[in-house]
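Visitor: Sharing a structure here in structure tokens format.
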Amino acid sequence: MSYNIFGQGRPVRLFVAGLHGNEWKDTTDILEDMTAPKKGTLATIPVVSKGSYISTLDKNYFTGTGRIIVDAVKELEPEIYIELHSYSAENLEKLTDPERVRRVGVPAFSRLDHDVLLGSVAPSIRRRYFPKEALCLTFEIQKENALSKQYASKLIDWMKELTSRDEFFRCMLKKYPKQARKAIEDYRKFYGLSDDDILIL
């Protein structure tokens, strides 16, 4: 088994960090401090790789470095999948650029408090290994920003208690209505879903 398990039963959440390069230095300890959810199971992979930086958007990532993630997804069939990444402040505009979907093929990140970013995961894992009902997200922490890391830690701790995709969107609509509506619209467009696939607006 290549992951840590907390709790038991469904729903199952899978949280991963340290996916490439030196991101593990900013993200791994967050997952190392996790505890069991009140309901269901939490599985964590605190460090996927400390090797060279290979983007998760690279078509070969999940057949190479990220194979450990795919194996865990196949075995656990999680309802909620979270990747925890980090980014340099100078890349903030590029990551939140509205033209990102045209430029790199995935929607722009939404900016939350303390420059924590919320976005989708790579289509190569989302489309192939998850049903449309699953919740698959990326949170990006800004490097060398203590408040960003603290806030991301709170978000991750909250995420471990969620039981479904729609529960997440309902909660986000209350706290971040603009960002949540963008995320929902991106989700629908990117995965070719109809309005009936998410009935919470």
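Visitor: Looking at the chain as a GNM with Cα springs under 10 Å, which of ALA89, ALA180, ALA122 has the largest mean-square fluctuation?
Guide: Comparing ALA89, ALA180, ALA122 in a Gaussian network model of the chain, the most mobile one is ALA89.
Visitor: Using the count of nearby Cβ atoms within 10 Å as a rough guide to exposure, how do CYS171, CYS136 rank from fewest to most? Don't jump to the answer; show the numbers that get you there.
Guide: Numbers: CYS171 14, CYS136 24.
By the 10 Å Cβ count, ascending: CYS171, CYS136.
Visitor: Just to confirm the filter: which GluC sites (Glu not before Pro) across the stretch 25-128 are DSSP coil and have at most 13 other Cβ within 10 angstrom of their Cβ?
Guide: Numbers: sites: GLU32, GLU75, GLU79, GLU83, GLU90, GLU93, GLU99; in loops: GLU79, GLU99.
Of the GluC sites (Glu not before Pro), the ones in loops of the stretch 25-128 whose Cβ has at most 13 other Cβ atoms within 10 Å are GLU99.
Visitor: A further question follows. Which aspartates and glutamates, on any chain, are close to LYS178 with Cα under 19 Å apart, when same-chain ones fewer than 8 places away are left out?
Guide: Qualifying aspartates and glutamates at Cα under 19 Å: GLU93, ASP97, GLU99, ASP113, ASP115, GLU140, ASP166, GLU167, ASP186, ASP195.
Visitor: Taking every DSSP beta bridge with both residues inside the chain, roughly what % is antiparallel (nearest 5)? If you can, show how the numbers build up before the last one.
Guide: Working: 9 of 27 bridges.
DSSP beta bridges in the chain are roughly 35 percent antiparallel.
Visitor: Normalised by the residues of the stretch 4-162, what does the relative contact order come to in percent, with Cα pairs under 8 Å and at least six apart?
Guide: Numbers: 299 pairs, mean separation 37.7, N = 159.
That works out to 24 percent.
Visitor: Something else about it: Test of understanding: express the Cα radius of gyration of the stretch 35-89 as a ratio to 2.2 N^0.38 Å, with N the residue count. List each step's numbers first, then the result.
Guide: On the way: Rg = 13.0 Å, N = 55, 2.2 N^0.38 = 10.1 Å.
Normalised by 2.2 N^0.38 Å, the Cα Rg of the stretch 35-89 equals 1.29.
Visitor: For the stretch 1-78, run through the trypsin sites (Lys or Arg not before Pro) and keep only the ones in DSSP coil with at most 14 other Cβ atoms within 10 Å of their Cβ.
Guide: On the way: sites: ARG13, LYS25, LYS38, LYS39, LYS50, LYS59, ARG67, LYS74; in loops: LYS38, LYS39, LYS50, LYS59.
Here the trypsin sites (Lys or Arg not before Pro) that fit, given the DSSP loop and packing criteria, are LYS38, LYS39, LYS50, LYS59.
Visitor: Report D for the stretch 15-109 in µm² per second (integer): Stokes-Einstein, Kirkwood Rh on Cα pairs, 25 °C, 0.890 mPa s. Present the calculation step by step, with values, prior to reporting the outcome.
Guide: Details: Rh = 14.6 Å.
Result for D is 168 µm²/s.
Visitor: Per residue of the chain, what 222 nm ellipticity follows from adding -39500 (n - 2.57) for every DSSP H run with n ≥ 4, rounded to the nearest 500?
Guide: Values: 8 runs with 75 residues, N = 201.
Helices in the chain give a 222 nm mean residue ellipticity of -10500 deg cm²/dmol.
Visitor: Assign unit charges at the C-beta atoms only (+1 for Lys and Arg, -1 for Asp and Glu), then state the dipole size of the stretch 1-121 relative to its Cα centre in Debye, rounded to the nearest 20.
Guide: I would put it at about 360 debye.
Visitor: Something else now. Pick out, in residue order, every one of the chymotrypsin sites (Phe, Trp or Tyr not before Pro) in the stretch 52-113 that is DSSP loop and has at most 16 other C-beta atoms within 10 Å; say none if there are none. Don't skip to the answer; put the middle values down first.
Guide: Details: sites: TYR53, TYR61, PHE62, TYR81, TYR87, PHE109; in loops: TYR53, PHE109.
Hits after loop and neighbour filter: TYR53.
Visitor: Another question about this same structure. Please state the Cα pair-distance histogram of the stretch 4-162 with 5 angstrom bins from zero: what percent is in each bin?
Guide: With a bin width of 5 Å, the distribution comes to 2, 9, 19, 23, 23, 16, 7, 2, 0.
None of the figures in this text is laboratory data; all of them are computed from the coordinates on show. Keep in mind it's a predicted model, so treat the numbers as computed, not measured. Note that each Cβ is placed from the backbone with ideal geometry, even for glycine, and that neighbours are counted across all protein chains shown.
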